[in-house]
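Colleague: Supplied in structure tokens, the structure appears directly below.
The values are calculated or read from the model by the stated rules, or taken from the named source; none is laboratory data. Just so you know, these numbers come straight off a predicted model, no measurement behind them. Here the Cβ positions follow ideal geometry from the backbone for every residue, glycine too, while neighbour counts run over all protein chains shown. The accessibility values were calculated without ligands, DNA or RNA, using every heavy atom of the protein model including side chains. Shrake-Rupley method; radii C 1.70, N 1.55, O 1.52, S 1.80 Å.
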Amino acid sequence: MDSKRDPTPWPRLDSRHLGNFRIFDLVEETYQAPDPGKTHSFFVLLSADWVNVVPVTPEGRVVLIRQFRPGTKEVTIEIPGGMVDRGEDPRDAALREMEEETGYTAEGIVKTCAVRPNPAILRNRCHMYLATGVRPLGTLHQDEGEDVHAFEATWEEVDAMVLDGRIDHSLVLNSLMFARYLRG
């Protein structure tokens with residue numbers, strides 16, 4: 001193999017659907033490797049895009065949530081977020097998720113960025129937003145299987161939670177970083 005050439009996308013030769021698991025589909029895809037005659041199979045999770053939103057009150061406090069996460073078997077500190085429904089604009093999904101999980105509504109919202117959560121196994125994006133002027137004027141409507149509790153913190157308190165490891169969800173950390181960058 002020529003180590004001096006830049007990699008190029010590998011041609012997909014086959015894709016086999018292995019199952020639907022409510023929030024993602026699992027497929028096995030076979031690709032033509034750069035070495036002549038060699039192929040390689042990969043498992044890929046197909047999921048809807050996700051959103052995360054950093055809600056900030058008029059007083060400059062950040063609205064965070066606590067919820068149980070079965071993957072780590074822990075209650076985590078995060079920001080509101082969730083899946084983008086089919087045909088839904090990510091901005092609308094961010095506002096919807098924020099209101100459903102916290103009961104807060106926003107005066108304004110701006111997209112900070114979109115990232116790929118894990119391109120090795122996922123094909124979706126996580127869209128990140130900063131919501132401003134948020135107030136608890138909406139209606140809580142948590143999904144089945146959710147037990148979300150909202151609370152407010154200063155940016156200094158958020159920084160402390162990041163530094164001591166209480167906030168360690170990588171997509172939440174990304175969202176907080178981009179929100180901090182935008183607000184200066």
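Colleague: Please go through (1) touching a His at 6+ places or on another chain (Cβ under 7 Å); (2) under 21 Å from ALA120 (Cβ atoms) for ARG16 and return the number of the only condition it doesn't satisfy.
Modeller: So ARG16 meets the others, but not (1).
Colleague: Can you tell which of GLY82, GLY19 is open to solvent by less than 50 Å² (accessible area, probe 1.4 Å), without any contact (Cβ under 8 Å) to a residue 24 or more places away in the chain and in a strand (DSSP E or B)?
Modeller: Within the list GLY82, GLY19, the selection yields GLY19.
Colleague: May I pose another question? Within the stretch 115-141, track down each residue that is of a type in the set (Gly, Ala, Ser) and in contact with a Pro (Cβ under 8 Å, 6 or more places away or on another chain).
Modeller: ALA131, GLY133, listed by residue number.
Colleague: Now, a different point. Tell me, yes or no, whether the stretch 140-152 has at least one residue that is among the aliphatic types (A, V, I, L, M), buried (at least 16 other Cβ atoms within 10 Å of the Cβ) and not in a loop (DSSP other than H, G, I, E, B).
Modeller: Yes, that holds for at least one residue.
Colleague: Does LEU13 meet the test of being part of a strand (DSSP E or B), in contact (Cβ under 8 Å) with a residue 24 or more places away in the chain and farther than 30 Å from MET161 by Cβ?
Modeller: Here the answer is yes, as LEU13 does meet what is asked.
Colleague: Let me spell it out: the conditions are (1) open to solvent by less than 90 Å² (accessible area, probe 1.4 Å); (2) without any contact (Cβ under 8 Å) to a residue 60 or more places away in the chain, and LEU45 meets all of them except one. Which number is the exception?
Modeller: Every listed condition holds for LEU45 apart from (2).
Colleague: Another question, then. Take the stretch 85-105 and flag every residue that is among the hydrophobic types (A, V, I, L, M, F, W, C) and either out of contact with any His (no Cβ under 9 Å at 6 or more places or on another chain) or open to solvent by 40 Å² or more (accessible area, probe 1.4 Å) (or both).
Modeller: Hits for the stretch 85-105 are LEU95, MET98.
Colleague: Can I ask one more? Filter the stretch 153-179 down to the residues that are without any contact (Cβ under 8 Å) to a residue 24 or more places away in the chain, open to solvent by less than 60 Å² (accessible area, probe 1.4 Å) and part of a loop (DSSP other than H, G, I, E, B) and list them by number.
Modeller: Scanning the stretch 153-179 gives a single hit, GLY165.
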